[in-house]
Every structure is written in C-alpha cells, then in structure tokens.
Amino acid sequence: MKKILSLVLCVMAISAVRADDVYKKDVRARWLEIAEASKPELHYETVRPAAIVKAVQDAAAYQGWRYEKTGEPEALYSANFNAQREVTLDFGRHLVGYFTFHVKELTNCQDAPIRLKFTFGEVPAELNVPLDPWKAGLNRAWMQDEVVTVTNVGQPITIPRRVAFRYLKIELMGHSSWDFALDDMWFKAQSSAGKVQTQLQPSCPDIVKRINEVGVATLHECMQTVYEDGPKRDRRLWVGDMYLESLANRYSFRNNLMTKRCLYLFAALATEGGVVISNCFEEPKPHAQDISVCLTYSLLWNSSLLEYLIDTDDRTTANDLWPVALKQVEAALAFVGEDGLFDREHCPLWLFFDWRDGLDVTTPMQGATIFALQQTYELARRLGRESEVADYPKLIKRMTAAARKHCFDAKRGVALSGPSRQLSILGQTWLIKSGVLTKKEGARALRTALSTEGCVMPGTPYGTHYLIDAMMLCDMQEEAHDYLIEYWGGMVRKGADTYWEAYDPKDDFICPYGYHPVNSSCHAWGCTPVYFIHRFPEVFQR
Ligand code: RAM
C-alpha cells in the first residue's frame, strides 16, 4: 500500500515539475526585468604581481605544495624570457577578473610568433600537480590554463577568459628564435561587494579577526553580478550557496539588492510546475540548469526569501514571490505520506546536504522538510497570510511525531538515518534545526555523535555550517566557538586566503570530483563564520 502511495506521490511530484506553466509568461518576464534592474555594479581595481615565487614540495604544506618568494616582479620585466622559459608570480591575494600582459623585443627582430602558456591557480598544488591525462569527474576545462600565441609585440594582450586565482605560472612553449621580455602586466580585479559595513570589537582575538577576514574575502570574490558559488568553479548561482552568502552579507557588505536579484532570477527560471531549479546562469541569457532540481535547495529558496524579508522589510517583493514559496513546499509534500514521513526511497529528485560520500539523507530530509514548513509559515505570518497555510502546523506536528518515532533512537539519544541506521552529524543537525529534538536532546545527540567513531562527518564548510548552527540552537556556545575556530582556523593555518569548497581537517585531498585540483578554493559557502562571529559576538568575539 505504502509503495503504491509513494508511486502516486512520485508521479504527482514529477508532474508538478513538468505541468503547464504555473507562473505565466508575462509574470516571469516581469520577474526577469526586476532581476535585471537589481543587478549590482561591478567595482574594478588594478592589481600587479607582488612577488616572484618558486614552488616547494613539502609534505607538511597543504596538499603537499607551497610557494617561497625569490624576487621582485620588476626583475621579470627586463629578463630574457627566451632563456628563463618559466616563472611563477604571486599576486598576494585571491583575485577575480581579467589578466593583461605585454611582450617586448630585446634583441633581433621578431621573426615568428611565440606561444605562452598561462596557468592560473587559487592554491599552490593546483599549479604543480599533473593535469593530463585528466582524471577528475568534472570537465578538464575548469582548469585555468590558457595558451596564447603572440604575433605582435608591444601591444597589451588581454586573456578573454575571466579567471580566479592568486598564483600565475607562465611558461614558454617550444623555442623562440628571438629574445623577448614579458613587460608590464596587470590584473583588472572585479567584485560587486563594495565596502564592509560592519566592525568587530577591538578586543576580538586575532585568530577570530583573521577567520572573519578570510570569510569576508571569500564572499567579496563570490559577489559578482550574482552570488556565485565559486568564481573559478562553478561560476554560477546556486540556491544553497546563496542562502549562506546572504546570511554573511547581512553582517558584512549589506548588499540586499543582490539577494533580491538572485531570488527573482530563480523564480523567473523555475520549472513550469513552479519548482525552483538548484542553479542558474546569467549568460548568454538567464537560464537554469534544467535537469538539476534539488529539493533541499528549492526549500532553502523559501528560507532565503524569509531572511531577505527580515533584512529589508521589503514586503512588496515577499508578496510578489509568495506563490513561489508555496510551490516549493508543495513539491516536497508530494513525497510526504500519511505516516508523516518523507519518502526518500521514492523521491527521484536530488537531495543535497553535503558532498560527503555515503551520507544517508533520509533523516536530514525529514528535518529539512519540517524546517521548510516552519520557515514558510513564518513567512506567511509576517505577510499576514497564515490562512493560506493553515494546514502547516498540523503537518509539522505529524512530521515531528513521525521523526521522533522513526528517525530518533531515544535510548542512544541520537538521530539515525535510513535502512542502515546511519549515524551522521547532519542527521542530528537537521532534527535540531527543525525542532524535532529539544535543546537538551539535541546537545546530547551532537555530543554523542561527535564522540562516536565512524559517525559520518560533513566533508564541506557547507555541512559544517549547519553543525555550528545546531550547536548554537542547543546552547552549546563553548563547543560551537571551539569547533568554528578549529575548523575554519584550520584552513587559515594551512594558508587559506579564501575558504575552500571541501575541507576535512584529516584529509587535505578531499574532493567530491575525484581529483583535488578541480576543487574550488574560493567557495562561497565557506564564508559563514562572518555570520556567526557577528551574530553572536558574546560567543565568538570574546
Ligand atoms: C557544487 C557547487 C555548489 C553546490 C553544489 C551542490 O557543484 O560547487 O557550490 O551548491 O555543488
């Protein structure tokens, strides 16, 4: 019976994704116009290299490589690159934008073109491990190496690709029959973030200041004309990343128009059934990756709208987008049975919580659905629309009871997930965030999970955000403080000037895609210490 019900629900959900357009063409067009009108201005800065460096293989360094300064960049501008053949430059910090260089003749006249290879990297290993034959699951083209043929010297040449990097390796390919130097070069760095609007207490410890600074730098780089997930990869707007970026933005750049733009883009590009698609692109024209419906992200779009309303009191936008919020909940509820359980087994949609291999998402999804109901109800309350969601409180109750019965082992005091009864951190955090567990139960569950060998840990700062969040909800201030300092401070100690997409303190080579150089090392979802540090100064700034 349960199977048949699930099948029916599944067909309903898929048809919700594929039905006739629920938002109407002109509404979508208007939403796109609003998104366009809210596009932030980019600010530009010209940056020149800070040092010539050499790569040092060092088992103690992050991913086995670090750089050492060997000279001033000016030395390069008069050196014969035909003899030198290779150089690596450190630009001193992470940058996003466009690179320009000059070549000048030293002796003889140019009698043939020259070929140069430019490899841009965010972290040292990216420039020093072999790329070919390519062995990562994602496309080789994400790696930022570009070959340029110079036919005319003396003119500035700008590499057309926008790059994200701190280090640049330049190699002469083949032999040049004439001597030349790489002349002045510069980088046009861009971001829409603007100036930081907040301050830390002067007494704030140095490590916290630094953790905050790296978070701010990460967000700065990811704030382009949308909240990008990572300016190297995937270079696009993802819902889950936007949610965390907007929280950090509240306590740093305060650019709420950016959030408005992104919310509208997602709404305008939702499926015909009204479901927000997990990610979208701006160019050549706004479009979503239509095969990528991720229900957890669709639901977080509602939370992002709620947070936006809290930040801005922009009720016009919240009311305008309210029908979209309703649709996200509807799409999730299509998988919730009479028994109050989210039927993970029959849900064909992607449920993303973290990139940790083998994570069972049954229990996290039960919690995430309840949380979405609560958040959407809160949105309705703020808009005076409770009557439209009058059934939510009952649903929340039913799902909570079901979660306590099926996802919580009262004896051990922990949440377990799926047929294998998996113990994971994210199983605990989502039952805490949704209020299924009381503060006391949540604290016990987290402490037990954290001290149990084999408990599945998050593999990214994204999952770890929800752990700190859950600790704060359970009054575990001390532990939240220490964990944040240990985890994000760990990246800082390993040399991060922007936070990484994947980070496991025990495994520097963790990569969701099979080969670490393709990781994004300036990844927006790492920026949330900015949120925690400012939101709870008494905990994190002391
Ligand atoms: C990756 C992206 C992004 C994330 C998704 C789920 O491909 O880097 O940050 O939101 O996965």
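Pairing residues of region 267-281 that are more than 20 Å from residue 230 (Cβ to Cβ) with residues that are within 16 Å of the ligand (Cβ to nearest atom) and of a type in the set (Phe, Trp, Tyr), at Cβ distances under 6 Å and at least 6 apart in sequence or on separate chains, gives 276/266; 276/301.
Could you run through region 468-502 and say how many residues are without any contact (Cβ under 8 Å) to a residue 12 or more places away in the chain and within 16 Å of the ligand (Cβ to nearest atom)? Selection size over region 468-502: 0. Checked against the criteria, residue 206 does not count as among the acidic types (Asp, Glu), closer than 30 Å to residue 287 by Cβ and either in the same structural domain as residue 38 (by TED's automatic domain parsing) or more than 16 Å from the ligand (Cβ to nearest atom) (or both). In region 50-59, the count of residues that are open to solvent by 90 Å² or more (accessible area, probe 1.4 Å), modelled with pLDDT of 95 or more and in a helix (DSSP H, G or I) is zero. Exactly one residue out of 83, 125 is assigned to a helix (DSSP H, G or I) and open to solvent by 40 Å² or more (accessible area, probe 1.4 Å), and it is 83.
None of 41, 33 is part of a helix (DSSP H, G or I), modelled with pLDDT of 95 or more and open to solvent by 70 Å² or more (accessible area, probe 1.4 Å) except 33.
Every residue, every condition in (1) open to solvent by 10 Å² or more (accessible area, probe 1.4 Å); (2) of a type in the set (Ser, Thr, Tyr); (3) assigned by TED's automatic domain parsing to the domain that holds residue 475, yes or no:
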| site | (1), (2), (3) |
| --- | --- |
| 369 | no, yes, yes |
| 376 | no, yes, yes |
| 384 | yes, no, yes |
| 406 | yes, no, yes |
| 414 | no, no, yes |
| 418 | yes, no, yes |
| 425 | no, no, yes |
| 431 | no, no, yes |
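Within region 60-78, the set of residues being surrounded by 15 or more Cβ atoms within 10 Å (Cβ to Cβ) and of a type outside the set (Phe, Trp, Tyr) comprises 61, 63, 64, 66, 73, 76.
Would you confirm, using the coordinates I've provided, whether residue 232 is open to solvent by 30 Å² or more (accessible area, probe 1.4 Å) and either of a type in the set (Lys, Arg) or within 14 Å of the ligand (Cβ to nearest atom) (or both)? No; evaluated as a whole, the condition is false for this residue.
When region 510-540 is limited to residues that are assigned to a loop (DSSP other than H, G, I, E, B) and touching a helix residue (DSSP H, G or I) at 6+ places or on another chain (Cβ under 6 Å), the one that is farthest from residue 241 (Cα to Cα) turns out to be 522. A single member of 209, 260 is free of Cβ contacts under 8 Å to residues at least 40 places away in the same chain and either assigned to a strand (DSSP E or B) or over 12 Å from the mean Cα position of the chain (by Cα) (or both), and it is 209. For region 343-367, give me each residue that is open to solvent by 10 Å² or more (accessible area, probe 1.4 Å) and within 15 Å of residue 404 (Cα to Cα). 362, the sole residue that qualifies. Taking the condition assigned by TED's automatic domain parsing to the domain that holds residue 209 and either among the aliphatic types (A, V, I, L, M) or within 16 Å of the ligand (Cβ to nearest atom) (or both), does residue 505 pass? No. Would you call residue 134 aromatic (Phe, Trp, Tyr), more than 22 Å from residue 166 (Cα to Cα) and open to solvent by less than 70 Å² (accessible area, probe 1.4 Å)? The answer is yes for residue 134. Among all positions in region 285-305, there is at least one residue which is assigned to a helix (DSSP H, G or I), at pLDDT 95 or above and more than 16 Å from the ligand (Cβ to nearest atom). Checked against the criterion of being touching a residue at least 60 places away in the same chain (Cβ under 8 Å) and surrounded by 24 or more Cβ atoms within 10 Å (Cβ to Cβ), the candidates 184, 241, 179 yield just one match: 241. Cβ contacts < 8 Å: first residue acidic (Asp, Glu), restricted to region 365-387; second residue open to solvent by 20 Å² or more (accessible area, probe 1.4 Å) and at pLDDT 95 or above, any location; separation 6+ or different chain. Result? Every condition considered, the pairs that remain are 386/377. In summary, residue 448 fulfils each of the numbered conditions (1) buried (at least 20 other Cβ atoms within 10 Å of the Cβ); (2) touching a Gly at 6+ places or on another chain (Cβ under 7 Å) with the single exception of condition (1).
For the condition out of contact with any Leu (no Cβ under 6 Å at 6 or more places or on another chain), aromatic (Phe, Trp, Tyr) and in a loop (DSSP other than H, G, I, E, B), residue 186 does not qualify. In the set 340, 367, only one residue is outside any helix (DSSP H, G or I), under 15 Å from residue 435 (Cβ atoms) and more than 16 Å from the ligand (Cβ to nearest atom); that residue is 340.
The values are calculated or read from the model by the stated rules, or taken from the named source; none is laboratory data. Given the structure is predicted, the values throughout are model-derived calculations rather than measurements. Counting neighbours? That spans all protein chains shown, and the Cβs are built from the backbone with ideal geometry, glycine included. We work out accessible area using only protein heavy atoms, side chains counted, and drop any ligands, DNA or RNA first. Shrake-Rupley method; radii C 1.70, N 1.55, O 1.52, S 1.80 Å.
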